[in-house]
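Nothing in this text is a laboratory measurement; each read-out follows from the coordinates by a stated rule. Only a predicted model underlies this, so the values are computations on that prediction, with no experimental measurement involved. Virtual Cβ from ideal backbone geometry, glycine too; neighbours counted across all protein chains shown.
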Amino acid sequence: MSKRLNKEDWLKAGFRALTEAGVAALKAEPMARRLNTTKGSFYWHFADVPAFHDAMLHTWEARAYDDIVAQLETHETSVLKLRALGQIAVSGAPEEYGGMALEPAIRAWGRSDAAVSEAVARVDGLRMQYLAKLMQDIGLSNPELVRILYASFIGMEDLSSRDALENGAAMGTLVDLILALYQ
């Protein structure tokens, strides 16, 4: 007997489909084929495809900001938080959510969907505010540094999604260079 699918199973499959095949794969029939089930299972959990997309966006926003901040807040100092943030940024989403390719795929989706674009803008704004606060806490208040570091986070994740190379050391070096400005 096969496992009964829940909403989370559909969302994980949606994130993987987005990273592997793009937004066209985020419809009931291709998703049901991907999970080897019926469209009825999809519609049991989601009223329609737009509701599925909304659930994906809500999940991504929470994971892309709230979950990351919760992880960072376990560190005692802003320096340790900044170092941890650099490593989180280059590690990507968990594999069951699409891995390194998830954020670039969400950003690509946002170029053709206004709701996704707004979600990306919200997450970017929150992340940059948090990053600016961390940097201010260590004595760096230059907004250009915040933008440069944040752009590096985004770019390194996109680069890794394409070439599968690790960027942890490179991001660590960049964070160390920025921290050297403080010392």
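A 27 angstrom limit on the alpha carbon distance is what I want to check against. Which of Lys12/Lys39; Lys27/Lys81; Lys12/Lys133 exceed it? Listed pairs above 27 Å: Lys27/Lys81; Lys12/Lys133. Between the listed residues Ala62, Ala119, Ala13, the Cα displaced farthest toward the positive end of the dipole of the chain, a dipole computed from Cβ unit charges relative to the Cα centre, is found at Ala13. Using the Cα coordinates of the stretch 103-183, the gyration tensor eigenvalues translate into equivalent-ellipsoid semi-axes of 25, 18, 7 Å, sorted from longest to shortest. What trypsin sites (Lys or Arg not before Pro) does the stretch 40-111 have in DSSP loop regions with at most 13 other beta carbons within 10 Å? Answer by residue number: Arg111. For the chain, the longest principal axis of the C-alpha atoms and the axis of helix 114-137 are separated by about 30°. The region of the chain that goes longest without hitting one of the GluC sites (Glu not before Pro) in a DSSP loop, each with at most 11 other Cβ atoms within 10 Å, is 77-183.
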